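The structure appears right after this line, and notes come after that.
The values are calculated or read from the model by the stated rules, or taken from the named source; none is laboratory data. Owing to the predicted nature of the structure, the values given are computational and were not obtained by experimental measurement. With ideal geometry, Cβ positions are generated from the backbone for all residues, glycine too; neighbour counts draw on all protein chains shown.
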Amino acid sequence: MTALVILFFVSIWAGIQNALAGGGTFLTLPALMFTGMTPLAANITSTIALFPGQITSSWSGRGHVAGAGGLSFRALVVISFLGGILGAILLLVTPSDIFKAMVPWLVLFATGIFAYGSFVPRKADRPPVLGKTGAGVAQFAISVYGGYFGGGIGFLMLAALTAAGLAIRSANATKNVLAGVMNASAVAIFVFSPQVYWPQAAVACVGAAIGGVIGGHMVSRVNQNVLRISAVLIGIALTIGLFIRAP
């Protein structure tokens, strides 16, 4: 019961974090593992728990979505959906012990991507460097990774979409919708997995939804750099802890 109470409040924080700056997975993953899950089960359960918040953030920015690199928005949606399915299937067929050994490296990669996307300035006026093929391949690769693990996908997509010519505002709205699409495909598969711990998923889902609402009201009042720094520090601490526990 104590672990579930902690999970609930951590999930509220994760919902706020995702609504304002991203990085909520860095919070829910260790919290779910603290309740007794394996890293594989925690990753699958976290994807389901955080999904409702992605729907609300996608809906709020739907008016600014656009295609990129010569690809229509509909094409990007299809690519994201198919990539998310493939990533989810790959995750389900990965043995738990192998995934446990991979998790420290995945979290390290996600933390690095998050830090780079948060603090390295982007030039809004740089010319596009990705054409139709490049944008499609990049989005598919990101979608497979998103269905498999998901940490840092927001900044990966933001980098790819701006490289394909989208302005930052449109790229941000588009990546929110595409993240929801790829995770929707993963969730549709994960709900049938025995690795899902439904009591924890329900607690985390409610907490993340509450946090998402709170975050939506805080968006103009909070220093997002503080939240991004906290997410990076949590990611670093989680990476160190996972490497220490790794076999």
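Taking (1) modelled with pLDDT under 90; (2) in contact with a Pro (Cβ under 9 Å, 6 or more places away or on another chain) in turn, Ile55 satisfies each apart from (2).
From the list Gly83, Gly23, exactly one residue is at pLDDT below 85, within 19 Å of Thr174 (Cα to Cα) and out of contact with any Gly (no Cβ under 6 Å at 6 or more places or on another chain). Which is it?
Matching residue, one of Gly83, Gly23: Gly23.
Checked against the criteria, Ile12 counts as over 23 Å from Leu156 (Cα atoms), touching a helix residue (DSSP H, G or I) at 6+ places or on another chain (Cβ under 6 Å), part of a helix (DSSP H, G or I) and in contact (Cβ under 8 Å) with a residue 60 or more places away in the chain.
Between Ala231, Ala167, Ala163, Ala188, the distinction of being under 18 Å from Ile79 (Cβ atoms) and at pLDDT below 85 belongs to Ala163 only. Selection over the range 72-101 of residues that are out of contact with any helix residue (DSSP H, G or I) (no Cβ under 8 Å at 6 or more places or on another chain) and not in a helix (DSSP H, G or I) gives a count of 2.
Residues that are crowded, with 24+ Cβ neighbours inside 10 Å and out of contact with any strand residue (DSSP E or B) (no Cβ under 7 Å at 6 or more places or on another chain) within the range 161-171 comprise just one, Ala171. Regarding Ala204, is this residue over 21 Å from Met102 (Cβ atoms) and either crowded, with 21+ Cβ neighbours inside 10 Å or within 13 Å of the chain's Cα centre (by Cα) (or both)? It is true that Ala204 is over 21 Å from Met102 (Cβ atoms) and either crowded, with 21+ Cβ neighbours inside 10 Å or within 13 Å of the chain's Cα centre (by Cα) (or both). Of the residues Ala31, Ala49, the single one that is in a helix (DSSP H, G or I), under 15 Å from the mean Cα position of the chain (by Cα), surrounded by 20 or more Cβ atoms within 10 Å (Cβ to Cβ) and hydrophobic (A, V, I, L, M, F, W, C) is Ala49.
Listed here are the residues, each with its yes/no results for (1) more than 15 Å from Thr47 (Cβ to Cβ); (2) touching a residue at least 12 places away in the same chain (Cβ under 8 Å); (3) of a type in the set (S, T, N, Q).
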{"position": "Ile153", "(1), (2), (3)": "no, yes, no"}
{"position": "Ala160", "(1), (2), (3)": "yes, yes, no"}
{"position": "Ala186", "(1), (2), (3)": "no, yes, no"}
{"position": "Val196", "(1), (2), (3)": "no, yes, no"}
{"position": "Cys205", "(1), (2), (3)": "no, yes, no"}
{"position": "Leu233", "(1), (2), (3)": "yes, no, no"}
{"position": "Gly241", "(1), (2), (3)": "yes, yes, no"}
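This table checks each residue for (1) in contact with a Lys or Arg (Cβ under 9 Å, 6 or more places away or on another chain); (2) part of a loop (DSSP other than H, G, I, E, B); (3) over 24 Å from Phe34 (Cα atoms); (4) acidic (Asp, Glu).
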site: Asn172; (1), (2), (3), (4): no, no, yes, no
site: Leu178; (1), (2), (3), (4): no, no, yes, no
site: Val181; (1), (2), (3), (4): no, no, yes, no
site: Ala188; (1), (2), (3), (4): no, no, yes, no
site: Gln195; (1), (2), (3), (4): no, yes, no, no
site: Ala201; (1), (2), (3), (4): no, no, no, no
site: Cys205; (1), (2), (3), (4): no, no, no, no
site: Gly211; (1), (2), (3), (4): no, no, no, no
